[in-house]
Amino acid sequence: MASPTVSVIVPAFNAASFLPRALRSVAQQTMRDFEVIVVDDASSDDTVEVARKYGEELGVCLRVLALDTNSGPAVARNAGVATAKGEFVSFLDADDVWMPGKLSRQVEIMRDDNRVTLCGCNAYWVDTNGAQVALLFEGLAPRQPNGWKILLWHSYVATPCAMARREDLGIAPFNPRLKIAEDRDLWIRLATNGVVGLVPDPLVNIELRSTSYMARNANLIATVTADMLRGHMRSNADALSVLDHIRAERVLARQIGKQLCSADRYWRGTGYLIKSTLMGGDPFDNFRHMLLTAPIIRDMKKYFRSKNSAGVRGG
């Protein structure tokens, strides 16, 4: 086949139950000139069979790459990028969903402005029932000339929202040594070479799952993510003011604190939230989070939930 406009890369690990929903959202795109590359990360379920079945049923150009060893999303995405034939590359996680105009609107931005090296879009965070929880970002302009700098304190480009030029990605753009935040690391690198373009409308639903790798390894933000961000700050020190450094460290401390408090590492997390407050962070928001995630409050919530469940079962 002729080279498609977009290569859609979908890493999948034991994703047979929700992969069809993601693939349907690709098939429903208003733009049809794309290929789909599902990279199976050595699943133990029938992810490969489901991907092939739905590729045929939906009538899309779909290839499956089956990895022999489970190696994580960075390696899986790199494998997809290495075989991508499109002018542009977009990434979709197997449990997320695109809106129909996602690809066409981003391709239009990137073709209209060759300064754009990374294109994102807004998204809704949704719960497992599909209810909208929050927007990915608010108040950002459609063009961000210093978009890399904002990424140091605001991860406003989520993986299923990103599009980049194939020629800018190279062969293995994601750093496999990063257990988390390998996507944010790549977005910063792409953005330092150009402008970040944004579609302000939410064109993706990103599902919040308590079983996700990030949710199960919240402590990694204090090490892996922090080291990655500080590495970029050192590399771009000449372009960052003292206030930029303080802002990045303040927001990082808040993010680490909230993740740890919500992941039953309360006392360590409160230390980071206090640090964020002392650096000028929102004291109300920080202390509110400390209060709502305090062990006694958490235990009370569990108790009342169990009582309510017992009441429902008792009829």
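For Cα pairs less than 8 Å apart in space and 6+ apart in sequence, what is the mean separation divided by the residue count of region 6-209, i.e. the relative contact order in percent?
Reported as a whole number, the value is 27 percent.
Between the amide H of Ala15 and those of Thr47, distances stay under 5 Å, these residues lying 5 or more places away or on another chain, with hydrogens modeled in the peptide plane. Along region 161-173 the Karplus relation, 6.51 cos²θ - 1.76 cosθ + 1.60 evaluated at θ = phi - 60°, assigns HN-Hα couplings of 9, 8, 9, 9, 6, 4, 5, 7, 7, x, 8, 9, x Hz to successive residues, with x for each Gly and Pro. Near the amide H of Phe88, within less than 5 Å, lie the amide hydrogens of Val6, Ser7, Arg166, all on another chain or at least 5 residues away, with H placed in the peptide plane.
Our analysis of region 1-151 gives Rg over Rh at 0.97, with the two radii drawn from alpha carbon positions and Rh computed by the Kirkwood formula. Under a 5 Å amide H cut-off, with hydrogens placed 1.01 Å from N, Val196 pairs with Gln144, Gly147 among residues at least 5 apart or on other chains. Using only side-chain charges placed at the Cβ, +1 for Lys and Arg and -1 for Asp and Glu, the dipole size of region 6-209 relative to its Cα centre rounds to 520 debye. Residue-wise HN-Hα couplings along region 115-126, as the Karplus relation 6.51 cos²θ - 1.76 cosθ + 1.60 with θ = phi - 60° gives them from phi, are 6, 6, 9, 8, 10, x, 8, 6, 8, 9, 6, 10 Hz; Gly and Pro carry x.
Cross-linked pairs Lys179/Lys258; Lys53/Lys179; Lys85/Lys149: Cα-Cα separations exceed 28 Å for Lys53/Lys179; Lys85/Lys149.
Divide by every residue of the chain the summed helix terms, -39500 (n - 2.57) for each DSSP H run of at least 4, and state the resulting mean residue ellipticity at 222 nm, rounded to the nearest 500 deg cm²/dmol.
-13500 deg cm²/dmol
Rounded to the nearest 5, what % of DSSP beta bridges with both residues in the chain are antiparallel?
Values: 11 of 36 bridges.
Among the beta bridges of the chain, antiparallel pairing accounts for roughly 30 percent.
Model label points for Asp168 and Glu138, set 7 angstrom from Cα along the Cα-to-Cβ axis, are 2.8 nm apart. For the chain, what log10 I(q)/I(0) values come out of the Debye formula at q = 0.07, 0.10 1/Å, with one point per alpha carbon and no solvent? Debye output, listed in q order: -0.30, -0.61. In the chain, taking the dipole from charged Cβ atoms about the Cα centre, the farthest positive-side position among Ile171, Tyr272, Thr225 is held by Tyr272.
Quick note on region 217-299: its Rg to Rh ratio, both from C-alpha atoms and Rh being the Kirkwood radius, is 1.03. Each residue of region 18-23 was assigned a 3J(HN,Hα) from its phi angle through the Karplus curve 6.51 cos²θ - 1.76 cosθ + 1.60 (θ = phi - 60°); the sequence is 10, 4, x, 4, 5, 5 Hz, with glycine and proline shown as x.
Every number here is computed from the coordinates shown, using simple stated rules; none is lab data. All figures in this text were calculated on a predicted structure; none of them were measured in a lab. So basically every Cβ, Gly included, is an ideal-geometry build from the backbone, and we count neighbours across all protein chains shown.
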